[in-house]
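Q: To start, I am sharing the structure in question, which I have written as structure tokens.
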Amino acid sequence: MSEHKQRDNIRIVLVNTSHPGNIGGAARAMKNMDLDQLYLVQPREYPAPRAVWRAAGARDVLDKVVVVDSLDQAIEGCGLVIGTSARERRIPWPLIDPRTCGERIWSESSSHPTALLFGREDRGLTNDELQKCHYHVHIPANPEYSSLNLATAVQVLAYEIRMAQLLAPDGKLPGYTDWDQPPVSAENLERFHLHLQETMTDIGFYDPDNPKQLITRMRRLFNRVRLDEMEVSILRGLLSAVQRISPRK
Ligand code: SAH
């Protein structure tokens, strides 16, 4: 795959950004690092002149920005989703460092779309958003003051993708193994989780009124496994078979 085609498989997703200046700053950071697929999920103020000023010579990245209503739309078709986090969360998730993040994104973008999610300036990504991710990435900043400006965080992680690209222009990094099936897309994984939740409810294993952490733990489990499309269709078939014999059906 040509380098340009591969770059098309790398989405930078900004969720619910408050300050348009950060959108422009992110566009500039991306273009400096040769990335150009910017997705905005419900930006609070966009389009905006401040975004254009901050983008400077990266107006072309802003010109083709994709604005969507939901995170699910932004990650549609993606086989790898990585979420950024400025702090520790209650339920630990597979956590990688920025270098590994750059390598994973670059190597996987040679075969399928990937997404890197950035949160709101004031409170980052929600737990629901973070639970859609295979990995979380944390920039190991000063623990006393670990939250970077949004566009600065985009710069650091885009730089790591750039470094991975320079080391392996064809996307083939050591340790990356080809697989016989494509990884499940974000939307099919979401459908699987809804089906799982429905089946667990049907058989009385899950009580939606007393959720505890079951759903979170199931999401973490299946994100950790990196399911492929074939495995998900087998599991969906299994769930349908269980639903057919379930007493509530
Ligand atoms: N108070 C918020 C900080 C959000 S900073 C919180 O506690 O989550 C805005 C965004 O910048 C974050 O959602 C993340 O996308 C990015 N960011 C800032 N600092 C980061 C860090 N140390 N590691 C990874 N991402 C970071």
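The values are calculated or read from the model by the stated rules, or taken from the named source; none is laboratory data. These figures come from a predicted structure and were not determined experimentally. Cβ atoms come from the backbone with ideal geometry, glycine included; neighbour counts cover every protein chain shown. What goes into the accessible areas is simple: the full protein's heavy atoms, side chains included, and nothing from ligands, DNA or RNA. Shrake-Rupley method; radii C 1.70, N 1.55, O 1.52, S 1.80 Å.
Q: What are the residues in the range 230-244 that are more than 13 Å from ILE203 (Cβ to Cβ) and either in contact with a Gly (Cβ under 9 Å, 6 or more places away or on another chain) or aliphatic (A, V, I, L, M) (or both), if any?
A: MET230, VAL232, ILE234, LEU235 - these are the residues of the range 230-244 that are more than 13 Å from ILE203 (Cβ to Cβ) and either in contact with a Gly (Cβ under 9 Å, 6 or more places away or on another chain) or aliphatic (A, V, I, L, M) (or both).
Q: Pull out all pairs, ordered by first then second residue, where Cβ-Cβ is under 6 Å, the residues are six or more apart or on different chains, the first lies in the range 45-68 and is over 15 Å from ALA29 (Cβ atoms) and assigned by TED's automatic domain parsing to the domain that holds ARG28, and the second is assigned to a strand (DSSP E or B) and of a type in the set (Ser, Thr, Tyr).
A: These pairs meet every condition: VAL66/TYR39.
Q: Something else about it: Can you pull out the residues in the range 208-249 that are at pLDDT 95 or above and not in a helix (DSSP H, G or I)?
A: Across the range 208-249, the qualifying residues are LEU227, ASP228.
Q: Now for a separate question. Based on what the data block shows, is ASN142 surrounded by fewer than 14 Cβ atoms within 10 Å (Cβ to Cβ), free of Cβ contacts under 8 Å to residues at least 40 places away in the same chain, part of a loop (DSSP other than H, G, I, E, B) and within 16 Å of the ligand (Cβ to nearest atom)?
A: It is true that ASN142 is surrounded by fewer than 14 Cβ atoms within 10 Å (Cβ to Cβ), free of Cβ contacts under 8 Å to residues at least 40 places away in the same chain, part of a loop (DSSP other than H, G, I, E, B) and within 16 Å of the ligand (Cβ to nearest atom).
Q: Taking the range 53-86 as the region of interest, how many residues are within 16 Å of the ligand (Cβ to nearest atom) and in contact with a His (Cβ under 8 Å, 6 or more places away or on another chain)?
A: Final tally of qualifying residues: 6.
Q: Now a separate question. Only one of LEU148, LEU238 is open to solvent by 40 Å² or more (accessible area, probe 1.4 Å), within 16 Å of the ligand (Cβ to nearest atom) and farther than 21 Å from GLU108 by Cα. Can you tell me which?
A: LEU148
Q: If we only count helices (runs of 4 or more DSSP H) wholly inside the range 17-130, which ones have 1 or more residues that are buried (at least 19 other Cβ atoms within 10 Å of the Cβ) and acidic (Asp, Glu)?
A: Result: 98-108, 127-130.
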